[in-house]
1. Determine the sum of side-chain charges near THR160: Lys and Arg each +1, Asp and Glu each -1, restricted to other residues whose C-beta is under 12 angstrom from that of THR160.
2. Once phi is turned into θ = phi - 60°, what whole-Hz ³J(HN,Hα) does the Karplus curve with 6.51, -1.76 and 1.60 give for every residue of segment 163-178, x standing for Gly and Pro?
3. LEU97 to MET201: extension gain in nm, 0.36 nm per residue of separation minus the Cα-Cα distance?
4. Could you list ASP199, ASP59, ASP38 so that the one with the fewest beta carbons within 10 Å of its beta carbon is first and the one with the most is last?
5. Roughly what percent of Cα-Cα pairs across segment 35-203 reach past 24 Å?
6. Report the calculated FRET efficiency for VAL193 and LEU37 (r = Cβ-Cβ distance, R0 = 30 Å), to the nearest 0.05.
7. R0 = 25 Å: FRET efficiency of SER171 with ARG80, Cβ-based, nearest 0.05?
8. For every other residue with a beta carbon closer than 14 angstrom to the beta carbon of LEU176, add +1 if it is Lys or Arg and -1 if Asp or Glu, then tell me the sum.
Amino acid sequence: MKESRCVRSLCAFVLMLGTGLAFVVTPGAVAETPLVLDWRVIGTGIASCVPSAGIIPTDICTFEGGGPFPGGALGTHIGRGTYVVNVTTGTNVPTILGGNCFTATGSGTVTAASGDKINFNTVGWLCEEGVPASPLQYNGTYRICSPPTLTSLTCPTPGTGRFSAAAGGGSLAATLTSALPTSITPPSSTTGVSFFKIDGMINFF
């Protein structure tokens, strides 16, 4: 009798285990979870900031590397490529060292070795690292422009090639060895060495 009970208990356990495994490997359940990959890109190049006169004066800063410019980018899923990021400054907040931090919004593109492009939006802060006219640091986030956002004016261009349906987001940081321009009239600009890093996630399958 005891042996019969043990056999029934063992059969029940095996049945429960089999049912659980069947649930785990159900194709429908797997398909509902998007594949998310780690994405990191580092780069070096040049950067420049140009003042823009208007109701609220702003600065437009461009970080770029590779192609016709010095440097380039190296990263997961792209190989050796190029990058460009444009941000426009907004409201400023004084720092404890006497410099300023500016809200900044913009967009960028990372181009893979194959020529396929990943386009993204970015928002963050562009800060003088010390006193006024000291080197600049940009710290922000990025969101990859993907097809569902085509109706949005804020992210109108998706990627190309194998990244045409890419999605993802994460952090973006860049530095500029020179300072913001000091004159709007006459217009002036500043140019310096730039370092760039993306650290986040991407899904392009």
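1. So the environment of THR160 carries a net charge of +1.
2. Rounded to whole hertz, the list is 9, 5, 10, 5, 8, x, x, x, 9, 9, 9, 8, 10, 9, 6, 9.
3. This chain segment gains 34.0 nm when fully extended.
4. Exposure proxy ranking, most exposed first: ASP38, ASP199, ASP59.
5. So the pairs more than 24 Å apart make up 35 percent of the total in segment 35-203.
6. For VAL193 and LEU37, the calculated efficiency is 0.50.
7. Efficiency, from the Cβ-Cβ distance: 0.70.
8. Taking every other residue near LEU176 into account, the sum is -3.
None of the figures in this text is laboratory data; all of them are computed from the coordinates on show. These numbers come from a predicted model, not from an experiment. We place every Cβ from the backbone using ideal geometry, glycine too, and count neighbours over all the protein chains shown.
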